[in-house]
Each structure stands twice: as structure tokens, then as C-alpha cells.
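Heads up, the thing below is written out as C-alpha cells.
The values are calculated or read from the model by the stated rules, or taken from the named source; none is laboratory data. It should be emphasised that the depicted structure is a prediction, and the values quoted were computed from it without experimental measurement. So basically every Cβ, Gly included, is an ideal-geometry build from the backbone, and we count neighbours across all protein chains shown.
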Amino acid sequence: MAQGDSQSMRTDQRGAGNVERVLAGPILTFDLRAELDGLRRQPAYAAGEPTGTTLLKEPNLRIVLMALRAGGRMVEHRASGPISIQPIEGRFHFRLVEDSTELAVGQVLALEPGIPHSIEAIEDTVFLLTIGRTTYSEVHDHHESHA
């Protein structure tokens, strides 16, 4: 669970298990292992669907922890802001319309807004998705678990 100063914090009910969670504040820290354990308990994860939990939700920045089982896919979509993807476990294919690259731990991918892309996990995969300044008009529900 995130920790932070009680002033200037926003909370949301959308965390794993619908527990109220802090999404913004002057300083936050996260136990990624605990967050990941919660994601892996989600029925969507067991079914091979992407699962995610928003760690930070600021007007100009979102950070989402995503998990996807081997063979699972995130369908093609577009981000309305710039994104970065940093694998922290496993390997996956990041696919564009005419290209594909394999990402693994120790790499970071940056992508401009509006570019269609999809992801297919080669192994059980965990990554941090960072979404930069955007209207969030095309931030889809598959970036967040709904238990």
C-alpha cells in the first residue's frame, strides 16, 4: 500500500479488492511485491487477461503496475499521451502495426501518443506503465483491475 503525507492526497476505490488507496500525495512509496500478489489473485489474471493497478494518479502523470500471464495479450489500443514501459519480470512482445520488439527486464520502451500497439506475454510478465500528460481520453479499463 502506498504511504504518504495525509495532506494533499487523493484516494480511489479501484485498487485490488476495491480497497481505498492513496493515488496522489507529496511523497508515496509502494510495495510492488504486495501489489503484484494482489494482481495475481485476480480472476482476470488466472484467465490470462491483463491485470493492473494504478499506483499514481496525478493530472500529468499516471503509473500503473501491470501483470500478464504467459500467452496473454493486451489487445491493440492507443495511448492518448506518451508512455514508457519498463519490464520488471518476464519477457513480452510489444507489437506495432508493422513492427515488433521483445522487451525484458533491464529495458525501457518509450512511445509517442496515438500509436497503435499491443502486447503478448512470452513468459509471466510484470511491467510498470507510465502515462505522461494526456487527456486520458483513451486510457482503457484494461489498465486497471475491477475485482
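Looking for something on the phi > 0 side of the Ramachandran plot and modelled with pLDDT of 95 or more - is there at least one such residue anywhere in region 125-135? Within region 125-135 (the criterion being on the phi > 0 side of the Ramachandran plot and modelled with pLDDT of 95 or more), the answer is no, since none of the residues qualifies. Looking at region 78-124, the strands (runs of 3 or more DSSP E) lying wholly inside it that each contain 3 or more residues that are β-branched (V, I, T) and out of contact with any Ser or Thr (no Cβ under 6 Å at 6 or more places or on another chain) sit at 83-89. Of the residues making up region 101-113, those that are surrounded by 12 or more Cβ atoms within 10 Å (Cβ to Cβ) and within 21 Å of S80 (Cα to Cα) are V108, L109, L111, P113.
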